[in-house]
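Okay, so here's the structure we're looking at.
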Amino acid sequence: MKTLLVPVDFSDATPHLLRHAADFVRDISARIVLLHVTEPVATYVPVGASMDVLAATPPPLEMENSHAQQEHLEKLATPLRAEGLTVETVAIVGLAVDDILDQASKLNADYIALASHGHGALYHLFSGSVVTGVLKRAKVPVLVIPSHKNT
């Protein structure tokens with residue numbers, strides 16, 4: 001059975017992404033693996049006049065609880081399963097691009113489907129883009145689903 005890895009961020013783009021992912025897996029008889037990666041937050045720690053460092057802080061309490069993230073994924077998976085689709089869920093803490101690609105490799109994913117939030121070039125200049133990072137390094141086809149507020 002083929003595998004479609006679907007990283008989700010629980011944003012408003014998620015339902016739109018899941019509708020397209022469900023249509024895609026129906027057409028190719030595949031399973032969906034929903035993945036949520038919680039990224040640790042880096043903080044600036046002044047050490048001295050010339051020695052400043054960035055330190056990773058633990059995720060906020062509500063994000064640290066992987067059980068809550070897993071529950072949220074299960075809520076997303078339930079309607080898909082009700083449609084007869086095979087759906088698995090994975091919640092981890094790490095770096096989004098690295099862990100999406102790592103999970104794709106571990107799961108032998110045939111495809112990755114991501115939502116594009118449609119932020120502008122200036123946003124991507126300063127913050128980067130998970131979609132761009134995955135597209136540059138993925139070894140499997142990547143489906144990019146634009147998130148339009150009107151769809």
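The values are calculated or read from the model by the stated rules, or taken from the named source; none is laboratory data. The model shown is predicted, which means the values in this text are computed figures rather than measured ones. Reconstructed Cβ throughout: ideal geometry from the backbone, glycine too, with neighbour counts over all protein chains shown.
Kindly establish whether D52 is over 22 Å from D102 (Cα atoms) and at pLDDT 60 or above.
Spelling it out, it is not the case that D52 is over 22 Å from D102 (Cα atoms) and at pLDDT 60 or above.
When you check E83 against the structure, is it of a type in the set (D, E, K, R), modelled with pLDDT of 95 or more and touching a strand residue (DSSP E or B) at 6+ places or on another chain (Cβ under 8 Å), yes or no?
Details: of a type in the set (D, E, K, R): yes; modelled with pLDDT of 95 or more: yes; touching a strand residue (DSSP E or B) at 6+ places or on another chain (Cβ under 8 Å): no.
It is false that E83 is of a type in the set (D, E, K, R), modelled with pLDDT of 95 or more and touching a strand residue (DSSP E or B) at 6+ places or on another chain (Cβ under 8 Å).
When you go through (1) at pLDDT below 85; (2) at positive phi; (3) of a type in the set (G, A, S) one by one for S29, which number turns out not to apply?
Of (1) at pLDDT below 85; (2) at positive phi; (3) of a type in the set (G, A, S), only one is false for S29: (1).
Which condition number does D102 fail, the rest of (1) modelled with pLDDT of 90 or more; (2) in contact with a Ser or Thr (Cβ under 7 Å, 6 or more places away or on another chain); (3) not hydroxyl-bearing (S, T, Y) being met?
The one condition D102 does not meet is (2).
So is A42 among the small types (G, A, S), at pLDDT below 95 and either crowded, with 22+ Cβ neighbours inside 10 Å or at negative phi (or both) or not?
For A42, the condition - among the small types (G, A, S), at pLDDT below 95 and either crowded, with 22+ Cβ neighbours inside 10 Å or at negative phi (or both) - is met.
Residues checked against (1) of a type outside the set (A, V, I, L, M); (2) crowded, with 20+ Cβ neighbours inside 10 Å; (3) under 18 Å from D27 (Cα atoms); (4) in contact (Cβ under 8 Å) with a residue 40 or more places away in the chain:
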position	(1), (2), (3), (4)
K75	yes, no, no, no
R81	yes, no, yes, no
L85	no, no, yes, yes
I92	no, no, no, yes
L95	no, no, no, yes
D98	yes, no, no, no
S105	yes, no, no, no
A109	no, yes, yes, yes
I112	no, yes, yes, yes
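Taking only segment 1-27 into account, find how many residues are part of a loop (DSSP other than H, G, I, E, B) and surrounded by fewer than 19 Cβ atoms within 10 Å (Cβ to Cβ).
Initially, segment 1-27 is screened for residues part of a loop (DSSP other than H, G, I, E, B), giving 1, 8-13.
Okay, now just the ones that are also surrounded by fewer than 19 Cβ atoms within 10 Å (Cβ to Cβ), so 1, 9-12.
Residues flagged as part of a loop (DSSP other than H, G, I, E, B) and surrounded by fewer than 19 Cβ atoms within 10 Å (Cβ to Cβ) within segment 1-27 amount to 5.
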